[in-house]
Amino acid sequence: QLQLVESGGGLVQPGGSLRLSCAASGFSLDRYAVGWFRQAPGKEREGVSCIRNNGGSANYADSVKGRFTISRDNAKNTVYLQMNSLKAEDTAVYYCAASSGWCPLDRKGYDYWGQGTQVTVSS
C-alpha cells in the first residue's frame, strides 16, 4: 500500500520553470530521505537531488546546482522539486523515491519509487 505519485511535469520552453511534486500515501515521508531521479531516452537513470528526513541537508547533481531546489513539507507528506532555467538537456522522465538511508544519489539506496512524470524542454 506504500505509494509515491509524481505530478507537475509538462512541456516548457528553454529558460522556463516547473515545480514537481511527490506525494506519499500509505506511509509517512518524515522518516525517509527523498530523492529525485531522471531518465532520458537511451540513458541510465541518474540522481538529480535528495533531501534528508529532517530537511537539514540536501544534495544536488552538478548539472542542476543553482537551478533546482528540493524541499519538503512533512505536514503534507510531500516533497517538491523547483526547476528553474530549464534546458533541453533536462528533458526526461522524473521519478521520486524514498530511502531509509542517509541521502544517496544512487538508485540502489532507495526502497520505494513513483511511476514518473514527463518533463519536456523544447521550443
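Structure data summary
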| quantity | calculated |
| --- | --- |
| Relative contact order of the stretch 84-123, pairs being alpha-carbon contacts under 8 Å that are 6 or more residues apart, as % | 53 percent |
| Overall Cα dimensions of the chain, principal axis frame, Å, largest first | 40, 28, 27 |
| Lysines with Cα under 18 Å of Lys87, excluding same-chain neighbours fewer than 8 positions away | Lys43, Lys65 |
| Average Cα contact separation per residue, the chain, under 8 Å, 6 or more apart, as relative contact order % | 37 percent |
| Accessible area per residue, Å², the chain with all protein chains present, probe 1.4 Å | 52 Å² |
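The values are calculated or read from the model by the stated rules, or taken from the named source; none is laboratory data. All values derive from a computational prediction rather than experimental measurement. Accessible surface is based on the protein model in full, side chains and every heavy atom, while ligands, DNA and RNA are left aside. Shrake-Rupley method; radii C 1.70, N 1.55, O 1.52, S 1.80 Å.
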